[in-house]
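Derivation of every value follows stated rules applied to the coordinates shown; laboratory data play no part. All values derive from a computational prediction rather than experimental measurement. Cβ: placed from backbone, ideal geometry, glycine included. Neighbour counts: every protein chain shown.
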Amino acid sequence: MSVPDRLADATDAPIAVSISGHDDNETRYFNREISWLSFNARVLQLAGDPATPLLERLGFLAIHAGNLDEFFQVRVAGLHDQVAAGITRRTPDERSPSDQLAEIRSVVERQLDQHERCYLDQVRPQLAVDGIELLDWDDLEQTERDGLSVRFRQRIFPVLTPLAVDPGHPFPYISDLSLNLAVRLRDSSDERSLFARVKIPPTLDRWVRIDDRARFVPLEQVIAAHLDQLFPGTQVLENHAFRVTRNADLTLEDEEADDLLAAVEMELRRRRFGRAARLEVASDISDEVLDLLMRELDVAASDVYRCAGPLDPKSLFAVASLDRPALRWPEWRSITEPALDGEDDTVNFFDVLRKGDVLAHHPYASFGSSVVEFVHQASLDPSVLAIKLTLYRTSGDSPIIDALIAAAERGKQVAVLVELKARFDEAANIGWAKRLEQAGVHVAYGLAGLKIHTKVAMVVREEPDGVRRYCHVGTGNYNNRTARVYEDLGLLTSSPALGSDLSDLFNSLTGYGRSIEFQRLLVAPEHLRKAMYQLIDTEVESGRGRIIMKMNSLVDQAIIEKLYEASCQGVDIDLIVRGICCLRPGVAGMSDRIKVRSIVGRYLEHSRIYHFANAVGMGQGRSFIGSADLMGRNLDRRVEALVPVEDPTLEGRLAEFLQVELTDDRLAWTLASDGTWTKRHGPAGIDTHVRMQQMAGARASV
């Protein structure tokens with residue numbers, strides 16, 4: 001089974017989630033797609049856990065649904081493309097594309113059933129007890145319907161565009177992830193059967209507030225109740241909500257693109273017309289309407305998912321964001337790292353970093369008072385000559401972008417490496433690139449065939465003793481919004497060796513630098529894979545090897561084999577993997593010294609930490625942080641960077657972080673050799689996110 005038959009209850013009974021639907025013991029690897037679905041099942045468990053605050057449970061239902069949308073847009077769509085192209089090549093776990101599609105459907109169907117039962121039977125009724133009602137049109141009093149009818153005519157009706165389908169009007173294009181009504185009608189004049197489509201406008205609130213209380217009804221139901229006004233002179237026979245998920249993976253051949261910006265813009269326009277990978281329909285849809293939709297959208301029965309709850313549960317974010325503190329996690333106000341905290345005046349970052357490195361752990365430590373302030377001070381400081389930064393994803397109101405523009409306007413040399421191919425952020429990054437260029441910032445779009453995923457910034461400053469470089473190397477994006485919920489690390493330093501490395505890295509990304517030997521950074525794609533092999537080998541050769549790795553995903557087959565080899569040579573290995581893990585732990589003679597756990601809770605675990613107990617002999621620290629997961633794309637097809645944390649005090653903090661996660665018995669899940677993930681319930685009562693808050697608070701109070 002892929003998800004438990006019941007959601008978590010208040011007892012300490014262990015919860016098990018299987019990674020696949022059958023015995024995988026004949027293979028050395030777990031399937032990537034099924035492993036990801038198992039991660040999403042762990043997200044769904046948080047929605048069903050009574051210990052999770054009620055509005056947060058609703059939020060996790062929305063997160064689970066949004067995750068599935070992207071999974072179908074990219075991974076499932078890609079498998080469909082392989083099947084259509086006649087590709088039968090099997091994955092390392094011995095599955096063909098069609099095998100994976102069949103198993104994905106089985107797993108997803110069970111998760112959707114779990115999702116619907118959680119929403120309909122648990123979360124929605126409990127919200128009603130707390131005065132937040134998510135109602136259906138049929139639940140409303142007549143006076144309430146009358147009031148909504150007036151609002152429909154005034155606000156909703158003018159926005160709608162009904163589209164007839166007949167010999168003179170072909171079936172309209174249904175855009176990716178749009179919500180629609182399929183309407184079957186009868187012409188009152190000649191009794192002809194008619195069909196029409198009504199798109200639910202994304203510009204209107206999906207959940208319509210009924211009155212001044214927290215009572216809502218879905219927009220599509222309000223529209224459905226007034227279809228007679230859209231189609232006068234006809235009889236509405238039936239209507240059903242439906243939603244299409246299309247292939248949204250950008251397949252740009254950037255090696256052949258003379259103008260990458262123009263090429264990405266063109267590909268984004270094409271994306272709207274990708275092949276349908278999933279059709280979601282209301283559970284009560286008639287066979288006649290469903291057959292029509294399947295025929296017109298060219299989807300098979302195996303691509304259809306019937307939904308008893310609201311289509312697009314991602315829209316529940318709007319309700320989950322209601323200002324009801326009693327139904328949310330206790331507010332956490334991020335600390336300012338003590339070294340950066342001044343009692344009266346703002347601390348001068350350059351004075352601080354000349355004295356020593358600073359490690360910021362978000363969201364426990366403020367992103368705004370560390371990374372944002374670092375760039376802000378650089379933009380204002382008259383001694384700063386240049387600022388360079390990589391931009392993969394950022395927020396719509398980015399203070400970092402504002403600071404970079406302000407710096408350029410003050411005459412500083414500002415260079416930004418913008419990754420135009422950051423999935424689902426391509427359009428936003430095109431906008432940022434154009435805005436930066438208009439302000440005089442030097443904008444580069446990276447290297448052909450490679451995504452720039454590394455998170456690095458460098459400030460060049462003229463000082464009495466010469467030019468000095470100040471650096472930031474992080475694990476997360478320069479995004480002030482996600483930094484509130486994504487757990488990430490960032491190192492601020494004035495290390496000359498690291499400054500030299502970043503200069504070489506930026507120059508290689510904007511110019512023609514190749515075959516660079518870095519002093520401190522481990523950089524992909526040229527060096528990181530080889531360095532990882534060497535670091536693992538060092539632990540084997542030490543005779544007392546110990547490896548701890550924390551990452552988002554572990555997929556790369558060659559790295560997995562190196563870890564298997566190290567395990568067989570006596571190295572103890574702990575892996576903390578939030579999402580996909582294709583390594584099979586605990587198999588005698590192969591991986592019996594490898595343990596795998598996953599932390600899933602309030603914050604999204606996003607940092608990457610790689611600790612090698614005997615790496616000091618390589619002339620660097622024993623712990624590395626950075627942007628790279630252990631996937632083929634990170635090691636071979638992206639620009640990534642890991643940096644050693646060499647300050648003993650800061651490395652000690654990293655060791656504390658890892659120890660907390662390795663002893664967590666509230667948010668942690670452990671992976672067994674048969675693919676089962678089991679939720680930990682132990683006597684210590686260690687919740688990683690609560691403990692990290694406590695540690696940050698103690699650090700700030702010293």
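If you take the beta carbon distance between Gln534 and Ser189 as r and set R0 to 60 Å, what does 1/(1 + (r/R0)^6) give as a FRET efficiency, to the nearest 0.05? Computed FRET efficiency for Gln534 and Ser189 comes out at 0.15. By definition, a body whose alpha carbon gyration tensor gives a ≥ b ≥ c is oblate when a/c is 1.5 or more and a/b is not larger than b/c, and the stretch 272-318 fits this oblate description. Sorted on the mean count of surrounding Cβ atoms within 10 Å across their residues, most packed first, peptides 476-485, 162-171 read 476-485, 162-171. Length gained on full extension, Arg699 to Leu292: 140.3 nm, using 0.36 nm per residue less the C-alpha separation. Computed from the C-beta positions of Ala326 and Asp592 and an R0 of 51 Å, the FRET efficiency is 0.60 to the nearest 0.05. Sequence-distant contacts, meaning Cα pairs under 8 Å at least 6 residues apart, place the relative contact order of the stretch 104-236 at 26 percent.
When Thr143, Thr394 are arranged by Cβ crowding within 10 Å, least crowded first, meaning fewest neighbours, the order is Thr143, Thr394. Ranked by how many other Cβ atoms sit within 10 Å of their own Cβ, fewest first, the residues Leu61, Leu509 fall in the order Leu509, Leu61.
Over 27 Å apart at the Cα level, from the set Lys314/Lys679; Lys355/Lys434; Lys355/Lys595, are Lys355/Lys434; Lys355/Lys595.
For the stretch 455-554, the relative contact order comes to 18 percent (Cα pairs under 8 Å, sequence separation of at least 6).
Peptides 71-79, 153-161 ordered by packing proxy, namely the average of other Cβ atoms within 10 Å per residue, highest first: 71-79, 153-161. Judged by the ratio a/c of the largest to the smallest principal axis of the C-alpha gyration tensor, the chain counts as prolate, that ratio being 1.5 or greater while a/b is larger than b/c. Note on Val467 and Asp351: with the Förster distance fixed at 22 Å, the Cβ-Cβ geometry gives a FRET efficiency of about 0.85. Report summary: the helix-based calculation at 222 nm, which adds -39500 (n - 2.57) for every DSSP H run with n ≥ 4 and divides by the residues of the chain, gives -10000 deg cm²/dmol.
Separation between the Ala164 and Asp397 pseudo-spin-labels, each 7 Å from Cα along Cα→Cβ, expressed in nm? Spacing of the two 7 Å Cα→Cβ label points: 4.6 nm. Here the spin labels are modelled as points 7 Å beyond Cα on the Cα-Cβ line, and at Leu385 and Asp636 they lie 4.1 nm apart.
Available extension along the chain between Ser500 and Asp113 is 133.9 nm, counting 0.36 nm per residue and deducting the alpha carbon span.
Each residue in Lys530, Lys412 was given a count of other beta-carbon atoms within 10 angstrom of its own, and listing them fewest first yields Lys530, Lys412. Taking 20 Å as the cut-off, the amide N atoms of the stretch 644-683 that come nearer than this to a point 7 Å along the Cα-to-beta-carbon line of Asp341 belong to 649-654, 656-657.
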